[in-house]
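Worksheet: the structure to be examined is printed underneath.
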Amino acid sequence: MNWYRFDLHLHTPASECYRQTGVSYLDILKKAEEKRLDIIAFADHNTVRGYAELLSEVRDLELLESLGRLQGKEKENLLEYRRLLRKILVLPAVEFTATFGFHILGVFSDETSVRAIEHLLLNMGIPPTRIDVGTGEVGATVDVLTVYRMMREAGAIVIAAHANSTHGVALQGLNFGGQTKIAFTQDPNLHALEVTDLESTRRQRTSEFFNGSRPEYPRRMHIIQGSDCHRLDDDPTDRTQFGVGGRAMEVLLPNLSYAALKEVFEGTDFTRMRPYRAAREPFDHVQAAREAGPSIVQSFHEGMGRRGGRLHAVLRDIVGFANTNGGTVYVGVSARASVAPKGVDRPEEAIGILRNDIQRRIAPALDVEITSLKSKGKPILRVSVPSGPSKPYTLDGSKIYVRQETETSLAVRDEIVQIISRQTADTKATAKDDGNHQEAVAPTFRVAPPRTGVEVVSIEERKGVRYHALRDLRNRSLVTDVTKESARRLWRYAITEHDKTLRQTPTIKWSGDLGVSKSYKRGNRMKYNLAQLDASGASHYYYGVTEEGLHGEWKPLVGSNGAAVAEEATAEE
């Protein structure tokens, strides 16, 4: 296994919008070698002409060679082509313009003929008169989901081009419904999202929306970057205009081939691709995960010894992830990114111990992937847990755990019932499960409630004990018969705050039917208590909402009012 560098989004002079004159296809290959690239793809707009002209130029030189008519410069060029094409895997690709102007990359095998790709383009609506033009403006074509399906059926790696930018399917502020955005970024025929902010340090970078932690985007996606170059070198006057290899990636492969590359894109090992850093330390997946912090899809443990219950805590998280959205457990590091990794002694032996306990103590059988990787020179175990196909999973025969945000907890009765109900529904109709919680609340609310936090739905007193019905907005589950003493941390906080609300109506800053009553900081994360009026005018209160749970009109509401009412979190939360 070796790391290979790739850039799958290179334009050539065959694209009408190419920004540099006098560039040859050989120039592009030489620049790719200079940038130490191993795999490149010619991805022109709605045409495969650039790749076809490269092949044609080589064939013409070989024909002249066979006829004994090669001139000095031609012989030199042919030798260079042969040398570079042995060294660099050049793939045919297309940046296709779908309906409404969305751009989709299809990267094909080097064994795919130009004629086959052109036939596909014609079937997807490219006019015959425009198939060699290399323009992004081609008139009416097929829709995004059809493009995904047709490209994948043709054997391509399917990538949403610059998904968070112009013509991207995940562009924020796009005037499309939430379910459309979910479909465009979660479709099973889509292999990856190409983004422009992969190495950004800001909290709301695109990759965080598609790491499996968002209820509305449960499928974790491969996230890559590409140069989208329209010139040989980076433009010194415009930092957004890259040259060949200006935003490259690395991929861990057993050999340099399209089949090996495609296998990674179709797999679920998200540590085998990383941004390529020519003059810096290699990308550290573990450190990047620690900087993102614990979440509904990842947790951290400094050790897994049997003493002190550390191994039990690891197994508990594995069961919790399997019963929820799946996730990743890191062993050998603290969740605090500033603390140096402790590492795992004898990692191969530790993998054997952990795998044996998973097989022996977790039922039904759960197929997890355990790998060893380095972080700051220390060996770390990475346990990749799928969202289990046979829920609910138990630890030691009876304990059923679920994962919610940063917390793994024993499932209560209602949650167990809902896990079984969802499993039954998924078995009958998996294709219908695309997170349509907005439709469920549309008849009652003008705007869907937040996607995190807890709502206290009702309170009933029996024999002097108050029992609460809670709606956990993280998974839309309704849990009944919760007492303050039996409640989990966030549930207990919601009950405490709701008791205050019942005693004295809180001060709420309203914007129409949405309101904010409190914002506070918990660790490094901002949280909010929010309010909403339903269609009948009744008030609903949501406690402990995180930024990840804000969408649509909730975002500007908090942005304008949150800081003004900031308070410290209570001890219960």
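The values are calculated or read from the model by the stated rules, or taken from the named source; none is laboratory data. Keep in mind the model is a prediction, meaning the values are calculated, not measured. When we count neighbours, we look across all protein chains shown, and the Cβ atoms used for this are built from the backbone with ideal geometry, even at glycine.
At a glance:
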{"read-out": "Members of the stretch 245-296 found to be more than 19 Å from residue 406 (Cα to Cα) and without any contact (Cβ under 8 Å) to a residue 12 or more places away in the chain, listed by number", "value": "255, 260, 263, 267, 277, 279, 280, 281"}
{"read-out": "Of all residues in the stretch 397-416 being of a type in the set (D, E, K, R) and under 26 Å from the mean Cα position of the chain (by Cα), the one that is modelled with the lowest pLDDT", "value": "405"}
{"read-out": "Selected residue (criterion: nearest to residue 535 (Cα to Cα)) from residues of the stretch 441-483 that are at pLDDT below 85 and of a type in the set (Lys, Arg)", "value": "476"}
{"read-out": "Among (1) without any contact (Cβ under 8 Å) to a residue 60 or more places away in the chain; (2) among the acidic types (Asp, Glu); (3) within 24 Å of residue 551 (Cα to Cα), the one test that residue 208 misses", "value": "(1)"}
{"read-out": "Qualifying position, being crowded, with 18+ Cβ neighbours inside 10 Å and in contact with a Phe, Trp or Tyr (Cβ under 7 Å, 6 or more places away or on another chain), among 550, 514, 557", "value": "514"}
{"read-out": "Members of the stretch 311-342 that are surrounded by fewer than 20 Cβ atoms within 10 Å (Cβ to Cβ), out of contact with any helix residue (DSSP H, G or I) (no Cβ under 8 Å at 6 or more places or on another chain) and not basic (Lys, Arg)", "value": "312, 313, 338, 339, 340"}
{"read-out": "Single match in 59, 82, 19, 69 (criterion: in contact (Cβ under 8 Å) with a residue 60 or more places away in the chain, over 27 Å from the mean Cα position of the chain (by Cα) and over 18 Å from residue 156 (Cβ atoms))", "value": "19"}
{"read-out": "Qualifying residue in the stretch 489-496 (condition: surrounded by fewer than 19 Cβ atoms within 10 Å (Cβ to Cβ) and in a helix (DSSP H, G or I))", "value": "yes"}
{"read-out": "Pairs with Cβ under 7 Å, 6+ apart, first in the stretch 215-230 and closer than 20 Å to residue 188 by Cα, second aromatic (Phe, Trp, Tyr) and outside any loop (DSSP other than H, G, I, E, B)", "value": "217/209; 217/210; 220/210; 221/210; 222/265; 223/210"}
{"read-out": "Filter result for residue 240 (under 23 Å from residue 43 (Cβ atoms) and not in a loop (DSSP other than H, G, I, E, B))", "value": "no"}
{"read-out": "Among (1) without any contact (Cβ under 8 Å) to a residue 40 or more places away in the chain; (2) assigned to a strand (DSSP E or B), the one test that residue 299 misses", "value": "(1)"}
{"read-out": "Residues within the stretch 289-310 that are surrounded by fewer than 17 Cβ atoms within 10 Å (Cβ to Cβ) and either under 25 Å from residue 346 (Cα atoms) or basic (Lys, Arg) (or both), tallied", "value": "6"}
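So that you can scan it fast, the table gives a plain yes or no per residue for (1) small (Gly, Ala, Ser); (2) in a loop (DSSP other than H, G, I, E, B):
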| site | (1), (2) |
| --- | --- |
| 162 | no, yes |
| 181 | no, no |
| 193 | no, no |
| 199 | no, yes |
| 204 | no, yes |
| 219 | no, yes |
| 226 | yes, yes |
| 233 | no, yes |
